[in-house]
Structures are given as structure tokens and as C-alpha cells.
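Remarks on the structure that follows.
The values are calculated or read from the model by the stated rules, or taken from the named source; none is laboratory data. Only a predicted model underlies this, so the values are computations on that prediction, with no experimental measurement involved. Here the Cβ positions follow ideal geometry from the backbone for every residue, glycine too, while neighbour counts run over all protein chains shown. Remember, those area values only see protein heavy atoms, side chains included, never the ligands or the DNA or RNA. Shrake-Rupley method; radii C 1.70, N 1.55, O 1.52, S 1.80 Å.
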Amino acid sequence: MNEPLNPGSQVVEVELQIDQVTIVNRAEATATVRCILGPVRCGAHFDRIRDSAEAIDLELTQILAYGRRSVDELDPVYTALVTLRGTGVQLLTSAISHWQVIRGTNPSP
């Protein structure tokens with residue numbers, strides 16, 4: 001498990017690496033991702049793309065893993081199909097020349 005961002009805080013940073021993304025509409029995308037810092041839980045909020053100045057405001061609303069079974073969290077190194085909703089889905093890209101990583105925090109326990 002990661003360390004909290006601030007000592008005494010329960011806020012823990014999480015990261016998802018995007019393999020393939022499908023833009024469903026202006027406010028929703030589905031993506032095949034790998035958890036690289038986590039575990040990442042449903043309700044996680046992503047506010048930035050690593051190595052980018054672009055702002056995003058996305059909530060992880062669904063995780064489908066292990067043969068498309070809905071789960072509440074995704075542990076590091078595992079992959080899943082996730083649904084992200086909010087502002088900035090149009091900035092998400094599939095891994096063609098590089099892997100895009102989104103960074104954020106889990107919801108409060």
C-alpha cells in the first residue's frame with residue numbers, strides 16, 4: 001500500500017496506465033488500464049495526466065476485471081476495463097507511441 005500524500009492524512013495517490021480508450025461521449029470514456037500505483041478504488045478522482053499541463057476532472061465509476069466481473073478495487077499490476085466520467089475524457093489517448101498515465105486519489109474511507 002502507498003503512503004499518504006500528507007502525514008496524518010488518509011489521502012493516497014493512485015495511478016492508472018491507459019492501454020486503449022474509447023470515448024463514449026463528452027463526459028464518459030471506457031478504457032483498458034493497468035494499475036501502477038494503488039490499489040485504485042471505485043470513486044477514485046483523477047485530476048491530472050502525468051507529463052501534461054492539461055487538467056482533467058474524472059471519477060472512476062466502474063471496474064470490470066477477471067473476465068468482466070465488477071469489482072470495487074484494482075490492485076497494482078492488474079488490468080481491467082474501467083469507466084471514467086467527468087471533464088477531460090477527450091484528452092485521454094490509447095497507447096500508440098507512449099503510455100498515458102492518469103494520477104489521482106482514492107475516495108475517503
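Going through 24, 77 one at a time, which residue ends up being in a strand (DSSP E or B) and touching a strand residue (DSSP E or B) at 6+ places or on another chain (Cβ under 8 Å)? Within the list 24, 77, the selection yields 24. Listed by first and then second residue, the pairs linking a residue in the stretch 40-54 that is at positive phi and touching a residue at least 40 places away in the same chain (Cβ under 8 Å) to a residue that is open to solvent by less than 70 Å² (accessible area, probe 1.4 Å) and among the charged types (D, E, K, R), with Cβ atoms under 8 Å apart and 6 or more places separating them unless they lie on different chains, form an empty list.
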